[in-house]
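The values are calculated or read from the model by the stated rules, or taken from the named source; none is laboratory data. None of these values were measured; they are calculated from a predicted model. Cβ: placed from backbone, ideal geometry, glycine included. Neighbour counts: every protein chain shown.
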Amino acid sequence: MNTVVNAFAVNAASTPAVVLQQWLLRRLGPAAGLWLEEALASLGGGGSDRDLYRCVSLVSRKLGKAALELDAAERAAACVARPDWDPSSWTVDQAARILLLLVTGPEGGRFASRLDQLCATADIDELVAFYRGLPLYPEPSRHRARAAEGVRSNMKVVFEAVVHRNPYPAEQLADEAWNQMVLKALFVGSALHPIVGLDRRSNAELARMLGDYAHERWAARRTISPELWRCVGPFAVGPLLEDFSRVLETGTAAERAAAVLALRNATDADAHGLLDRHAAFRDVVAARGVDWTTVLAFN
Amino acid sequence: MRFIDPHIHMSSRTTDDYERMKAAGVVAVIEPAFWLGQPRTNVGSFIDYLSSLVGWERFRASQFGIRHYCTIGLNSKEANNEELAEAVMDILPRYLSKEGVVAVGEIGFDDQTALEDKYYRAQLQLAREFDMVVMVHTPHRDKKAGTIRSMDVAVEMGMSPGKVVIDHNNEETVRAVLDRGFWAGFTLYPQTKMGNERMVEIVRQYGSERIFINSSADWGVSDPLAVPKTGRLMLERGIALEDVEATCYGNALRVYGQSGQFDEAHWMTPEAVDQRSLFEGNSVLRGQTPRVDDAPAPAVWAEDVTK
């Protein structure tokens, strides 16, 4: 099997394909492990389209869908193999499907066209796997249209496969696409905190869009996710600061705590003045160690 | 109170239907690939349709707490377009191994033409290669002869009757189907096919072995609650509980369970990692109050099946 993997591995000890294969073989029984090794051998370096489609589909029937439940050493190996890669929530079928794709070789054009074919006839769980694999595919910039297609999906699990715990969007999407993605996450009720690079990719235009969205929700007397304010904080000046003032005075506990967290990153002096006017609450948020992963539960 | 509707075209139905079905106790549905009321003109529309059966529609059902399965095949009407049929036969193998595909179907005869015969046989061959159950659509016209011919061809092609469902039966066909060891599906339509009252009498006469019912609800006049309604009527008319359970739930599970893709555990004890169960609400919190459904209750045939 090593020959298959080494065929395209620059550093065999640490590529995603190598670690995926190790993780799988540690977890699979003998029959399932043998099936996987045979499938990898048949696809190594390319394989036929028919074998690829069939093997990828059969994965869930042959290997099951258990959670990988990576241990600390394995999660560390993931980071070495691919910076910012977070497969902590991956399942056996997802890992195996992506591994099968990866061993077909590093030529990006062929890879992308076969991925298109696979996505055209995919079931839900296959789509989730293919989109979770985006950060591992060869020639990353070739897959931007694929990522955009996933973001467009009406199926929340598919959308989140691109958007959550996936470094690809922050690395590859232009600002316009990135901003739409964040807005859509709020729109469909997806959490923002699992988005990789959320703070790094914040921008003034996104802050404006989110402010407008908040006003739309207020006008309709609908609730607003406290997470919305995270991407607004660094750009809070003028009218956006007035929005923060409104949240701090009339918001729910979680919204007010989110406003405090967001304003910590504000650059405008008036923003810190606003925070000072709510010093008691600000200090409670600090004392309780609230952060963006726990703010939704703050009360 | 649990029901399976083993033949229903949910792609043609509304979310109101899903809500009513869930409330009436439907836990799982099987959506056979069929035609769309007008003929498709190219293989691309088949690809999109079949992909929606394993993708979007399954997701949509999950949002209402109903598990969605499907059968994959080239229907008899469109088998009459030979160029299209050839192209569809080429893509079917790409779908047969997908998760939740429980059979090849619905296939068989419509006008009983030579082309229908050709592609019925070709798909029976495919079912044997992939070791799958087959769902056979029997024709509206010349029904009795068409049903017998469907069974003859299936046996000729080497299918075991225990892996073949002969669907859309009536009083005239049921005896032959049961005697030859096939499974007998009954479709309850408000105006054509079987009525609820007639169905009660069939179960009274033939019992429940290898007999089960479905709504075949689609884009025409049809009733997505036909299975729970008929189950209730059977109980009211004194049919034994175990016969109602078998015809409205258990037999569908037994025949399509042979696929390995259709398992009671999917709705009784959904796995937390299963992507399609995430939308039941309690697996992933996104800051909103989750919808937490009660655990599935044991089979109790309550009175309030439907209003």
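Could you grab me the full set of residues in region A:43-55 that are outside any helix (DSSP H, G or I) and either under 20 Å from residue B:102 (Cβ atoms) or in contact with a Pro (Cβ under 7 Å, 6 or more places away or on another chain) (or both)? Please lay out each step first, then the result.
Keep residues of region A:43-55 that are outside any helix (DSSP H, G or I), which gives A:44-48.
Of everything in region A:43-55, nothing turns out to be outside any helix (DSSP H, G or I) and either under 20 Å from residue B:102 (Cβ atoms) or in contact with a Pro (Cβ under 7 Å, 6 or more places away or on another chain) (or both).
Within region A:88-107, the set of residues being free of Cβ contacts under 8 Å to residues at least 60 places away in the same chain and under 19 Å from the mean Cα position of the chain (by Cα) comprises A:90, A:91, A:93, A:94, A:97.
Filter region B:1-22 down to the residues that are in contact with a Ser or Thr (Cβ under 8 Å, 6 or more places away or on another chain) and more than 22 Å from residue B:254 (Cβ to Cβ) and list them by number.
Quick first cut of region B:1-22, residues in contact with a Ser or Thr (Cβ under 8 Å, 6 or more places away or on another chain) only: B:5, B:7-9, B:11, B:20.
Result: B:9, B:11, B:20.
For residues in region B:125-149 being under 22 Å from residue B:84 (Cβ atoms) and surrounded by 18 or more Cβ atoms within 10 Å (Cβ to Cβ), which is nearest to the chain's Cα centre (by Cα)? Here the answer is B:135. Taking the conditions (1) surrounded by 14 or more Cβ atoms within 10 Å (Cβ to Cβ); (2) at pLDDT below 95 in turn, residue A:189 satisfies each one other than (1).
Right, residue A:46: more than 26 Å from the chain's Cα centre (by Cα), surrounded by 13 or more Cβ atoms within 10 Å (Cβ to Cβ) and of a type outside the set (Asp, Glu) or not? Break it down stepwise before answering.
On the way: more than 26 Å from the chain's Cα centre (by Cα): yes; surrounded by 13 or more Cβ atoms within 10 Å (Cβ to Cβ): yes; of a type outside the set (Asp, Glu): yes.
Here the answer is yes, as residue A:46 does meet what is asked.
Mind listing just one residue for me: the one in region B:1-27 that is small (Gly, Ala, Ser) and farther than 26 Å from residue B:139 by Cα and, of those, farthest from the chain's Cα centre (by Cα)? Break it down stepwise before answering.
Initially, region B:1-27 is screened for residues small (Gly, Ala, Ser), giving B:11-12, B:23-25.
Going one step further and asking which of them are farther than 26 Å from residue B:139 by Cα, we end up with B:23-25.
On the way: B:23: 19, B:24: 18, B:25: 16 Å.
Filtering region B:1-27 for residues that are small (Gly, Ala, Ser) and farther than 26 Å from residue B:139 by Cα, the one farthest from the chain's Cα centre (by Cα) comes out as B:23.
This table checks each residue for (1) in the same structural domain as residue A:266 (by TED's automatic domain parsing); (2) at pLDDT 95 or above; (3) surrounded by fewer than 17 Cβ atoms within 10 Å (Cβ to Cβ).
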residue	(1), (2), (3)
A:161	no, yes, no
A:166	no, yes, no
A:198	no, yes, no
A:208	yes, yes, yes
A:217	yes, no, yes
A:221	yes, no, yes
A:233	yes, yes, no
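Would you please name the residue that is farthest from the other protein chains (Cβ to nearest Cβ), looking only at residues in region B:31-73 that are over 17 Å from the mean Cα position of the chain (by Cα) and β-branched (Val, Ile, Thr)? For region B:31-73, the residue satisfying everything is B:41.
Only one of the numbered conditions (1) surrounded by fewer than 16 Cβ atoms within 10 Å (Cβ to Cβ); (2) at pLDDT 95 or above is not met by residue B:172, and that is (2). Pairing each residue of region B:218-235 that is of a type in the set (Asp, Glu) with any residue that is outside any loop (DSSP other than H, G, I, E, B), provided the two are 6+ apart or on different chains, yields C-beta distances under 9 Å for B:218/B:11; B:218/B:12; B:223/B:188; B:223/B:229. Screening residue B:216 against (1) farther than 22 Å from residue B:23 by Cα; (2) of a type in the set (Ser, Thr, Tyr); (3) in contact with a Ser or Thr (Cβ under 6 Å, 6 or more places away or on another chain) leaves a single unmet condition, (1).
One line per residue, one yes/no per condition, for (1) buried (at least 23 other Cβ atoms within 10 Å of the Cβ); (2) at pLDDT 95 or above; (3) in contact with a His (Cβ under 8 Å, 6 or more places away or on another chain); (4) not charged (D, E, K, R):
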position	(1), (2), (3), (4)
A:91	yes, yes, no, yes
A:126	yes, yes, no, no
A:138	no, yes, no, yes
A:154	no, no, no, yes
A:178	no, yes, no, yes
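Only a single item in (1) within 22 Å of residue B:76 (Cβ to Cβ); (2) in contact (Cβ under 8 Å) with a residue 40 or more places away in the chain is not met by residue B:60, and it is number (1).
Can you pull out the strands (runs of 3 or more DSSP E) entirely within region B:52-142 that have at least 1 residues that are under 21 Å from residue B:18 (Cα atoms)?
Values: elements: B:67-72, B:101-108, B:134-137.
Those strands (runs of 3 or more DSSP E) span B:67-72, B:101-108.
Output yes when any residue across region A:38-50 is under 17 Å from residue A:122 (Cβ atoms), among the acidic types (Asp, Glu), out of contact with any Gly (no Cβ under 7 Å at 6 or more places or on another chain) and touching a residue at least 12 places away in the same chain (Cβ under 8 Å), and no when none is. Yes, region A:38-50 has at least one match. Test residue B:122 against the criterion of being small (Gly, Ala, Ser), out of contact with any helix residue (DSSP H, G or I) (no Cβ under 8 Å at 6 or more places or on another chain) and surrounded by fewer than 20 Cβ atoms within 10 Å (Cβ to Cβ), and give yes or no. Judged against the criteria, residue B:122 is not a match. Per the conditions (1) assigned by TED's automatic domain parsing to the domain that holds residue A:282; (2) touching a Ser or Thr at 6+ places or on another chain (Cβ under 9 Å), the sole criterion not satisfied by residue A:212 is (2).
Can you name the residue in region B:8-35 that is part of a loop (DSSP other than H, G, I, E, B) and of a type in the set (Phe, Trp, Tyr) and, of all such residues, is surrounded by the most Cβ atoms within 10 Å (Cβ to Cβ)? So that I can check it myself, show each step before the final result.
Filtering region B:8-35 down to residues part of a loop (DSSP other than H, G, I, E, B) leaves B:8-9, B:13-14, B:24-25, B:33-35.
Now drop any that are not of a type in the set (Phe, Trp, Tyr), which leaves B:34-35.
Working: B:34: 24, B:35: 18.
That would be B:34.
In region B:74-103, what residues are facing chain A (nearest Cβ under 8 Å), over 17 Å from the mean Cα position of the chain (by Cα) and among the acidic types (Asp, Glu)? Matches in region B:74-103: none. Within region A:243-292, which residues are within 26 Å of residue A:221 (Cα to Cα) and surrounded by fewer than 12 Cβ atoms within 10 Å (Cβ to Cβ)? Answer for region A:243-292, where residues must be within 26 Å of residue A:221 (Cα to Cα) and surrounded by fewer than 12 Cβ atoms within 10 Å (Cβ to Cβ): A:249, A:250.
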